[in-house]
Amino acid sequence: MPVTLLTGYLGSGKTTLLNHILKNQKGYKIAVIVNDIGEVNIDAALIEKGGKVTQRDDSLIPLTNGCICCTLKLDLIGQIASIIKMNRFDYILIEASGVCEPIPIAQTITLLDGSLEDSRLPEICRLDNIVTVVDAKRLADEFVSGESLLKENMEEDDIENLLVQQIEFCNLIILNKIAEISEEDKNKITRVIRALQLEAEIIETNYAKADIDRVINTHAFDFEKAGMSAGWVQALTTEEEETETEEYGIGTFVYKRTRPFIQAKFEDFVNNKFPSDVIRCKGIIWFEDLREEAYVFEQSGRQKSAVMSGKWLISAPKEERKVYLQENPDAEWSEDYGDRYIKLVFIGQELDKEKITKELDNCLGE
């Protein structure tokens with residue numbers, strides 16, 4: 001059974017889109033799973049009224065008091081299995097909470113598509129499409145006009161981070177409430193979206209009135225392609241290091257060095273000198289005093305983190321290194337640093353490459 005996942009920040013128009021789909025089903029018998037992190041599932045109530053769906057016929061299933069990208073994964077698997085077992089529906093729509101990241105949800109759903117070898121789970125559904133609904137005005141305020149949405153009472157929710165995560169991993173972007181922004185701002189935020197997400201289709205709407213055939217039963221989702229469609233992934237896998245100045249000043253550049261960072265200096269840069277015009281930064285780094293370990297550094301919005309992701313090949317026994325390099329003659333390797341390197345992708349507006357490069361070079365050790 002095909003499944004469409006709807007994501008998007010609070011107020012973007014996900015529930016409006018869902019109701020629009022339910023009113024124009026074109027013969028589809030659709031079951032709806034709604035995730036809300038509150039004790040009262042407001043979205044479920046709105047769908048019942050707007051889409052004329054009632055819980056009495058078991059076509060609307062609320063998942064509450066948790067997020068399906070973390071605490072409710074097993075609940076989600078169980079609900080999908082239950083819906084299919086009813087033998088009354090031919091499609092499932094999932095409306096994720098506004099604070100959900102899409103990748104963990106996609107991973108959960110694809111446990112049921114038979115793509116995992118030796119999986120003990122049944123092959124009962126396929127993830128057809130991931131649709132991200134974006135509030136055009138919110139995006140313009142956050143990334144174009146400079147008016148931050150991060151108010152004092154929103155310490156726990158980094159809106160920029162969620163917007164970036166939801167845009168980076170999807171097949172279709174519904175750019176909603178387009179009438180509320182100017183043509184110039186629309187062009188600017190389209191450039192922002194394209195810097196973050198290279199492949200997804202973009203549809204401009206008001207009141208989330210999108211063509212249903214572009215949302216459901218599209219056969220558009222491919223996990224590997226979706227994972228490679230983010231702008232930082234494309235930049236990270238290329239050797240291009242020069243800044244590409246794009247229209248409206250939105251561009252990407254890659255900082256690459258083989259020498260390690262001095263941890264204290266890099267932390268000072270991240271905490272006190274990180275440029276405000278960077279929308280997204282992600283890449284691989286290593287530290288002078290942690291020479292065997294590779295770290296993934298990631299920033300979007302105010303959130304910044306460096307997480308150990310494994311060990312460099314140079315830390316392996318000599319014979320193991322020799323075999324690997326013989327089998328992979330094109331692998332990057334230097335006599336001084338082995339396979340260790342720093343490679344950070346920066347995406348932002350009017351990026352000062354020279355200043356950022358100088359600041360990062362000042363963090364380097366030997």
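The values are calculated or read from the model by the stated rules, or taken from the named source; none is laboratory data. Since the model is a prediction, treat every value here as computed from it, not as a measurement. A quick note on method: Cβ atoms are made from the backbone with ideal geometry, for glycine too, and the neighbour counts reach across all protein chains shown. Areas reflect the complete protein model, heavy atoms only, side chains present, ligands, DNA and RNA absent. Shrake-Rupley method; radii C 1.70, N 1.55, O 1.52, S 1.80 Å.
Determine the gain in length on full extension of the stretch ASP330-SER82; use 0.36 nm per residue of separation and subtract their C-alpha separation, reporting nm with one decimal. Value of the extension gain: 84.4 nm.
For LEU364, nonlocal amide neighbours, meaning residues 5 or more places apart or on other chains whose placed amide H falls under 5 Å from its own, are ILE262. Report the Cα centroid-to-centroid distance between region 257-287 and region 290-366 in angstrom, as an integer. About 11 Å separates the Cα centre of region 257-287 from the one of region 290-366. Bridging of LYS358 to lysines at a Cα separation below 21 Å is possible for LYS256, LYS265, LYS273, LYS282, LYS304, LYS343, once same-chain residues fewer than 8 apart are set aside.
Within 10 Å, count the other beta carbons around each residue, average over each peptide in 211-217, 317-323, 104-110, 29-35, and list them highest first.
Ranking, from highest mean packing down: 29-35, 104-110, 211-217, 317-323.
Extension gain, MET228 to LEU364, is 46.0 nm, computed as 0.36 nm per intervening residue step minus the present C-alpha separation.
With the full set of protein chains in place, find how many percent of the accessible area of region 241-351 is carbon and sulfur; take the probe as 1.4 Å. Carbon with sulfur: 44 percent of the solvent-accessible area. Accessible area per residue for region 249-328, computed on protein heavy atoms with a 1.4 Å probe, is 52 Å².
Taking all protein chains together and rolling a 1.4 Å probe, ARG291 ends up with roughly 90 Å² accessible. Each peptide in 358-366, 343-351, 77-85 gets a packing score, the mean of other Cβ atoms within 10 Å over its residues, and the list from highest to lowest is 343-351, 77-85, 358-366. Summarising the label geometry, the points placed 7 Å from Cα in the beta-carbon direction at THR258 and ARG291 lie 1.5 nm from one another.
Count charges around ALA306 for me, please; just the other residues with Cβ under 10 Å from its Cβ, Lys/Arg as +1, Asp/Glu as -1. Don't skip to the end; give the middle numbers.
Numbers: positive: LYS304; negative: GLU267, GLU298.
Neighbourhood net charge equals -1.
Dipole check for region 227-366: with +1 at the C-beta of Lys and Arg, -1 at the C-beta of Asp and Glu, and the Cα centre as origin, the magnitude is about 480 Debye. Per-residue accessible area (protein heavy atoms, 1.4 Å probe) orders HIS20, HIS219 as HIS219, HIS20, starting from the largest.
In what order, largest first, do THR258, THR252, THR205 sit by accessible area if the probe radius is 1.4 Å?
I get THR258, THR252, THR205, largest accessible area first.
For VAL307, the accessible area of its heavy atoms, probed at 1.4 Å with every protein chain present, is near 80 square angstrom. Model label sites at LYS273 and GLU350, defined 7 Å from Cα along the beta-carbon direction, differ in position by 2.1 nm.
Stretching the chain fully between GLU320 and MET1 yields a gain of 110.3 nm (0.36 nm per residue, less the alpha carbon separation). Of the whole protein surface, ILE103 contributes about 70 Å² of accessible area at a 1.4 Å probe radius.
Highest mean first, the peptides 271-282, 184-195 sorted by other C-beta atoms within 10 Å per residue fall in the order 184-195, 271-282. When the charge dipole of region 234-358 is built from unit charges on Cβ atoms (+1 for Lys and Arg, -1 for Asp and Glu) and taken about the Cα centre, the candidate among GLN326, GLY310, ILE250 whose Cα reaches farthest toward its positive end is GLY310. Amide H contacts under 5 Å for ILE279: ILE347, GLY348, GLN349, restricted to partners 5 or more places along the chain or on a different chain, H placed in the peptide plane at 1.01 Å from N.
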